[in-house]
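S.K.: Structure in structure tokens, see below.
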């Protein structure tokens, strides 16, 4: 959406129907959980971290477009795959064992991520060495 807005594109083609859902976890929330687990967790059983909130691909794309100010049309190509219908983890063990819950709301985390990307674009777009 960033490039489409900058180029003045009239539309963006998006694969699938947008009905699949994903669970997004903001990096600061992930770091907090990892630090807690490394410091407080005794045991070898895995602990999933996530935000316990699903967002559809359609909502994700629409939110990104709105956040970057893209005013063109989003064209959903249902002939392309949606991907896995749902991706979500149970965060119950993180809550009960670590006392941890993700705090960053999806839209604010997305805004923070886009702000970082725009401020660090050359670094973000550079191929890893």
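S.K.: So how long is each side of region 4-129 along the principal axes, counting just the alpha-carbon atoms, biggest first, in Å?
M.R.: Per principal axis, max minus min of the Cα coordinates gives 54, 33, 29 Å.
S.K.: Where is the GNM fluctuation largest for the chain (alpha-carbon springs, 10 angstrom cutoff): 69, 39, 16?
M.R.: 39
S.K.: Can you give the angle from 0 to 90° between the axis of helix 57-68 and the longest principal axis of the chain, with both taken from C-alpha atoms, to the nearest 10?
M.R.: In the chain, helix 57-68 runs at an angle near 70 degrees to the longest axis.
S.K.: Need one number: % antiparallel among DSSP beta bridges in region 2-122, to the nearest 5.
M.R.: Numbers: 3 of 9 bridges.
In region 2-122, approximately 35 percent of DSSP beta bridges are antiparallel ones.
S.K.: Is region 47-117 rounded, prolate or oblate when judged by the Cα gyration tensor, a ≥ b ≥ c being the square roots of its eigenvalues, rounded requiring a/c under 1.5 and prolate requiring a/b larger than b/c?
M.R.: Details: a/c = 3.81, a/b = 1.57, b/c = 2.43.
Oblate is the answer for region 47-117, as a/c is 1.5 or above yet b/c matches or exceeds a/b.
S.K.: Another question, if that's okay. Which shape class, rounded, prolate or oblate, goes with region 1-45 when its Cα gyration tensor gives a ≥ b ≥ c as root eigenvalues, a/c under 1.5 marks rounded, and past that a/b bigger than b/c marks prolate?
M.R.: Judged from the Cα gyration tensor, region 1-45 comes out oblate (a/c at least 1.5, b/c at or above a/b).
Here, each number is a calculation from the coordinates, and none is a lab measurement. Given the structure is predicted, the values throughout are model-derived calculations rather than measurements.
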